[in-house]
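In what follows, a single structure is set out as structure tokens and then discussed.
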Amino acid sequence: MRRRDNPWTTLSTRMVYANPWLELWEENCLDPSRRPALYGRVSFRNKAVGIIPIDEDGHTWLVGQYRYCLHQYSWEIPMGGSPHRLPVLESARRELKEETGLTADRWEQILFVHTSNSVTDEEGYVFTAEGLTHGDTEFDSTEQIELRRLPARDAVRMAEEGSITDALSVAGLLKLARLRGWQ
């Protein structure tokens, strides 16, 4: 597919809110029909990085936690933020260790996505991690995490059935299933 030129014209940009995790930008622009438009953009201060650890028995680990924005409990693949200045694999290694206590000998990036490209510029990466060694978790103060080990195919089934709704987890698990020939 060929790339197309940007049909939007940005007239002004201003940050309206910021915290340690994100910035909210308001942009006055001309839309593709050249009419004035006001656009809001969420810019995350980190890239999203998710990990699907897979042990020699074909099992993986999910993390469960209460998600404040959703006001509900969520099962997800281990994940976290990767500062823009760091390689995402370095952050993936850190997040896997912090949330599960696992370290891995073999890593493979299986997915790159834009998480919600109509309102944010966030990038998401998913890795598989194999050749696992167990250790201690190192949860952040904001995390109250429950770990669950289960067959990786069962995690894929949870994503297909809607028990896992986090976008990066769903996309990563479905990509894993396709790569492994489980679908």
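Of note:
- Where strands (runs of 3 or more DSSP E) sit wholly within the range 55-117, those with at least 3 residues that are touching a residue at least 12 places away in the same chain (Cβ under 8 Å) and not aromatic (Phe, Trp, Tyr) occupy 59-67, 79-83, 103-114.
- When each of Leu174, Leu132 is tested for being in contact with a Pro (Cβ under 7 Å, 6 or more places away or on another chain) and either in the same structural domain as Pro53 (by TED's automatic domain parsing) or in a strand (DSSP E or B) (or both), the lone residue that passes is Leu132.
- Against the conditions (1) surrounded by 13 or more Cβ atoms within 10 Å (Cβ to Cβ); (2) touching a residue at least 24 places away in the same chain (Cβ under 8 Å); (3) among the acidic types (Asp, Glu), Glu160 satisfies every one except (2).
- Any chance Leu150 is over 17 Å from the mean Cα position of the chain (by Cα) and more than 21 Å from Arg94 (Cβ to Cβ): yes
- Going through (1) over 15 Å from the mean Cα position of the chain (by Cα); (2) more than 14 Å from Ile145 (Cβ to Cβ) one by one, Tyr73 falls short only on (2).
- The sole residue among Ser43, Ser33, Ser91 that is within 27 Å of Ala177 (Cα to Cα) and either of a type in the set (Ser, Thr, Tyr) or surrounded by fewer than 10 Cβ atoms within 10 Å (Cβ to Cβ) (or both) is Ser91.
- Arg3 meets the stated requirement of being on the phi < 0 side of the Ramachandran plot, over 16 Å from the mean Cα position of the chain (by Cα) and either at pLDDT below 95 or among the small types (Gly, Ala, Ser) (or both).
The values are calculated or read from the model by the stated rules, or taken from the named source; none is laboratory data. Values in this document were obtained by computation on a predicted structure and should not be read as measured data. Here Cβ is always computed from backbone atoms with ideal geometry, including for glycine, and neighbour counts include all displayed protein chains.
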